[in-house]
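Accompanying notes for the structure given below.
Only the coordinates and a few stated rules stand behind these numbers; no lab work does. Nothing here was measured: the structure is a model prediction, and the numbers come from that model.
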Amino acid sequence: MSCDSAADDSTTLLSPIVNDALTSKRHVHILPHGSFSLGCLNAVKIESLARSIDSVVLTAQREAEEAQAAQLAMQLALEAAREAAAREEAEAEAQAARDEDRRILEMDLQSAIDAQRMEEEDEQRREEEERGLEEAVRKAAERAETARQAEAILASITAAGF
């Protein structure tokens, strides 16, 4: 039986990437479409081929899982970054709302203070006007009293014959 017999060909059903890894990493050379001649292998070579295929397939699986895990980690990190950005934006909006509320409150307080000051000034002006009016009434009463006393003195002088 010849090593070149097509009847003894077997296929590995491995992907071209794994076939390339067998060649580059384990120095196992098989045909590009993944077939080899089983008739050319002895027990030691079969064992070596099996171990090489096992190693390369497990390495490829591990690398694929690591790549998938890295991709998932990137997606999670991206989602976390988006959530953090959304949270920061919400916090900024909340801070802006608090600042606006504080500004409105300060304006309301200033308006209340101004209204209170104006009310106090009006009250003070009314009290001053009231005091002025009371003073005018008191002076008018004093003048009337003085005039009455003057008339009484004049009447008593006139009655005494002077």
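With Cα atoms as the point set, the radius of gyration and Dmax of the chain evaluate to 56.0, 182 Å.
Mean residue ellipticity at 222 nm, helices only, the chain: -30000 deg cm²/dmol; runs of at least 4 DSSP H residues each add -39,500 (n - 2.57), and the sum is divided by the number of residues.
Taken over the range 17-66, the alpha-carbon convex hull comes to 66 cubic angstrom per residue.
The slack in the chain from H27 to E47, taken as 0.36 nm per residue of separation less the alpha-carbon distance, amounts to 5.8 nm.
Quote to one decimal, in nm, the extra length available between R125 and I113 on full extension: 0.36 nm per residue of separation minus the C-alpha distance between them.
Working: separation 12, 0.36 × 12 = 4.32 nm, distance 1.81 nm.
Residue separation times 0.36 nm, minus the Cα-Cα distance, leaves 2.5 nm.
Note on the range 36-96: Rg/Rh from Cα positions, Kirkwood definition for Rh, rounded to two decimals, is 1.57.
Between E79 and A96, full extension at 0.36 nm per residue minus the direct alpha carbon distance yields a gain of 3.6 nm.
Distances between placed amide hydrogens fall under 5 Å for S35 paired with T12, all partners being 5 or more residues away or on another chain.
For the range 94-136, what does the convex hull of the Cα positions come to per residue, in cubic angstrom? Please list the in-between numbers first.
Details: hull volume 0.9 nm³, N = 43.
Per residue, the Cα convex hull of the range 94-136 comes to 22 Å³.
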